[in-house]
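The values are calculated or read from the model by the stated rules, or taken from the named source; none is laboratory data. Please read all numbers here as calculations on a predicted model, not as lab measurements. When we count neighbours, we look across all protein chains shown, and the Cβ atoms used for this are built from the backbone with ideal geometry, even at glycine. Quick note on the areas: whole protein, heavy atoms, side chains included, nothing else; ligands and nucleic acids left out. Shrake-Rupley method; radii C 1.70, N 1.55, O 1.52, S 1.80 Å.
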Amino acid sequence: MAKIIDGKAIAAQVKEEVRQKVAQLAEQGVSVCLAVVQVGSDPASSVYVRNKKKACEAVGIKSLSYELPEETTQAELLALVDDLNARADVNGILVQLPLPKGLNEEEILDRISPLKDVDGFHPQNVGCLSVGKPGFVSCTPAGVIQLLKRSGIAIDGQECVVIGRSNIVGKPMGMLLLQENGTVTVTHSHTKDLKEVTKRADILVVAIGKPRMITAEYVKEGATVIDVGIHRGGDGKLCGDVDFDSVEPVAGAITPVPGGVGPMTIAMLMHNCLTSVALQKKISV
Ligand code: NDP
């Protein structure tokens, strides 16, 4: 029986720590404010945005909400980002993805000030991560590191395999595991004999975007399996990229879906809002 890594409980710990630090800052007259921008009314995005705003409220971070119509133009959205970049009272800026077709996501994300880029997607922050300088780290992989550390799972010297090389999960995940002295392999759709590679992993992080694809055959006995995937099945239930029922008897530890990585993403966003104040005001928080 694998140990179940409780992402909800660990996310609650992280948020409580953020709440305390936000309260300390408030006593020093420093407030923390996140601007959340949503374009259009994609139902999944609306849920994510609502959850992010609720999390802000719970930890004492002020959130400003910008709900723009589907027809918003690139120029209008860029102008809003410029305005938020210039405002001293706004510490973090989050543009909810995906943007409606016709908008150039890359241009919008690159326009967000690197000092307010709480999602950690700006190339400057990606560069800082790769050379180990302070900056924002993408919330989901940062959350995975916290899950491992706070569950007492050693990374140092371990074989770590990441499935997926997206800019928001797989690549930064690989960099973070490397920073923690893991021996890291990042795999993708061109990887030959994926099972052969994943079976070497002491820590297997799965961010593949394919419901329940990873079964016991991909996993070494006793490995830690972190499932980043999130899908809603036809029955309305959530599942991950890992076939939990197949893998759980083989793994040493595993994250469930829901209740694993998902809650950590929002907790780390709250943490990144604190980072934004630290970077902007050149203080430690
Ligand atoms: P992407 O679709 O951007 O990336 C998927 C990656 O998986 C790609 O690198 C792709 O390779 C690789 N891949 C696809 N098929 C295979 C295969 N058969 N064998 C090996 N590699 C393969 O997804 P994301 O990184 O954005 O997200 C991954 C998952 O995590 C999704 O389920 C998403 O919903 C979830 N997610 C969850 C979050 C959370 O908060 N819990 C946050 C963000 C994402 P290639 O590059 O060669 O195409």
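Projected onto the charge dipole of the chain (+1 at Lys/Arg Cβ, -1 at Asp/Glu Cβ, origin at the Cα centre), which of L68, Q96, N181 gives the Cα projection farthest towards the positive end?
About the Cα centre, the residue reaching furthest to the positive side is N181.
Taking the alpha-carbon centroid of each part, what is the distance from the range 220-285 to the range 28-64 in angstrom?
After rounding, the separation between the Cα centres reads 19 Å.
How much net charge surrounds I5 when only other residues with a Cβ under 15 Å from its Cβ are counted (Lys, Arg +1; Asp, Glu -1)? Please report the intermediate quantities before stating the final value.
Details: positive: K3, K8, K149, R150; negative: D6, D202, D227, E248.
Overall, the nearby charge balance is 0.
So how tilted is helix 170-179 from the main axis of the chain? Cα-based, degrees 0 to 90, rounded to 10.
Around 80 degrees separate the two axes.
Using 0.36 nm per residue, how much length does the chain from E106 to D235 gain when fully extended, once their Cα-Cα distance is taken away? Before the final figure, lay out each step's value.
Values: separation 129, 0.36 × 129 = 46.44 nm, distance 3.43 nm.
So the chain would gain 43.0 nm between E106 and D235.
Here are some pairs, K52/K220; K116/K195; K116/K199; K192/K220; which of them have Cα atoms lying more than 28 Å apart in this structure? Don't skip to the answer; put the middle values down first.
Numbers: K52/K220 36 Å; K116/K195 40 Å; K116/K199 39 Å; K192/K220 18 Å.
Table pairs above 28 Å Cα-Cα are K52/K220; K116/K195; K116/K199.
Would you mind counting up the charge near S41? Only other residues with Cβ under 10 Å from its Cβ, with Lys and Arg at +1 and Asp and Glu at -1. Present the calculation step by step, with values, prior to reporting the outcome.
Values: positive: none; negative: D42, E67, E70.
With Lys, Arg at +1 and Asp, Glu at -1, the net is -3.
Would you mind telling me the share, in percent, of accessible area of the chain contributed by carbon and sulfur at probe 1.4 angstrom?
Working: 7010 of 13460 Å².
With neighbouring chains kept in place, the figure for the chain is 52 percent.
Mind jotting down a quarter of the surface of the convex hull over the alpha carbons of the chain, in square nanometres, one decimal? Could the numbers behind the result be given before it?
Values: hull surface 59.2 nm².
For the chain, the mean projected area of the Cα convex hull comes to 14.8 nm².
Identify the GluC sites (Glu not before Pro) of the range 1-109 meeting these criteria: DSSP loop state and at most 15 other C-beta atoms within 10 Å of the C-beta. Mind dumping the intermediate values first?
Working: sites: E16, E17, E27, E57, E67, E70, E71, E76, E105, E106, E107; in loops: E70, E71.
Sites meeting the loop and neighbour criteria: E70, E71.
What whole-number distance in Å separates the alpha-carbon centres of the range 73-90 and the range 111-165?
Using only Cα atoms, the two centres lie 26 Å from each other.
Taking the Cβ of H188 as the center, what net charge do the other residues with Cβ under 15 Å away carry, scoring Lys and Arg +1 and Asp and Glu -1?
In short, +2.
For V205, which sequence-distant residues (separation of 5 or more, or a different chain) have an amide H within less than 5 Å of its own amide H, given hydrogens modelled in the peptide plane?
V161, V162, I163, I226
Report ³J(HN,Hα) in whole Hz for each residue of the range 220-228, in order, from the Karplus equation J = 6.51 cos²θ - 1.76 cosθ + 1.60 where θ = phi - 60°; Gly and Pro get x.
The phi angles translate into 7, 3, x, 5, 8, 10, 10, 9, 7 Hz.
Out of all DSSP beta bridges in the chain, what portion is antiparallel? Express it as a percent rounded to 5.
In the chain, DSSP labels about 5 percent of beta bridges as antiparallel.
Relative to the longest principal axis of the chain, what angle (0 to 90°, nearest 10) does the C-alpha long axis of helix 7-27 take?
Rounded to the nearest ten degrees, it is 30.
How big is the dipole moment of the chain about its Cα centre under a simple scheme where the beta carbon of each Lys and Arg is +1, that of each Asp and Glu is -1, and everything else is neutral? Debye, nearest 20, please.
540
Considering amide H positions built from the backbone, and no H for Pro or chain starts, which residues 5 or more places from L64, or on another chain, come under 5 Å of its amide H?
It is L34, A35, V36, by chain and number.
Angle check, please: helix 74-86 long axis (alpha carbons) against the longest principal axis of the chain (alpha carbons), in degrees 0 to 90, nearest 10.
Helix 74-86 sits roughly 80 degrees off the main axis of the chain.
Separation between the K54 and A154 pseudo-spin-labels, each 7 Å from Cα along Cα→Cβ, expressed in nm?
3.9
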